[in-house]
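The structure appears right after this line, and notes come after that.
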């Protein structure tokens with residue numbers, strides 16, 4: 001397999017019921033995928049673990065991944081599903 005020499009410009013992250021997936025795409029259409037277990041109690045852990053898995057597959061650090069990307073997308077249905085499942089906050 002050819003080594004990718006450009007950095008990804010698009011990051012897509014999708015938190016599902018059991019797995020959080022990350023896809024990285026560069027300007028030439030090359031892509032890599034990362035996966036991690038979804039972490040409902042703290043979604044950030046699963047998002048970052050999945051992104052780090054993808055960054056490792058690309059051969060770059062997590063910091064380089066996020067500092068060089070032009071677009072990061074997290075599907076709204078994933079977020080809204082989590083929000084609907086969250087317990088309502090007490091207003092006093």
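Within the stretch 20-56, being more than 19 Å from residue 71 (Cβ to Cβ) and in contact (Cβ under 8 Å) with a residue 24 or more places away in the chain holds for 40, 43, 46, 49, 53. Would you confirm whether any residue within the stretch 46-61 is assigned to a helix (DSSP H, G or I), modelled with pLDDT of 90 or more and surrounded by fewer than 16 Cβ atoms within 10 Å (Cβ to Cβ)? Yes.
In the stretch 64-73, what residues are out of contact with any helix residue (DSSP H, G or I) (no Cβ under 9 Å at 6 or more places or on another chain) and without any contact (Cβ under 8 Å) to a residue 60 or more places away in the chain? If the condition is that a residue be out of contact with any helix residue (DSSP H, G or I) (no Cβ under 9 Å at 6 or more places or on another chain) and without any contact (Cβ under 8 Å) to a residue 60 or more places away in the chain, then 67 is the only one that fits.
The values are calculated or read from the model by the stated rules, or taken from the named source; none is laboratory data. Fair warning: this is a prediction, and the values are worked out from it, not measured in the lab. A quick note on method: Cβ atoms are made from the backbone with ideal geometry, for glycine too, and the neighbour counts reach across all protein chains shown.
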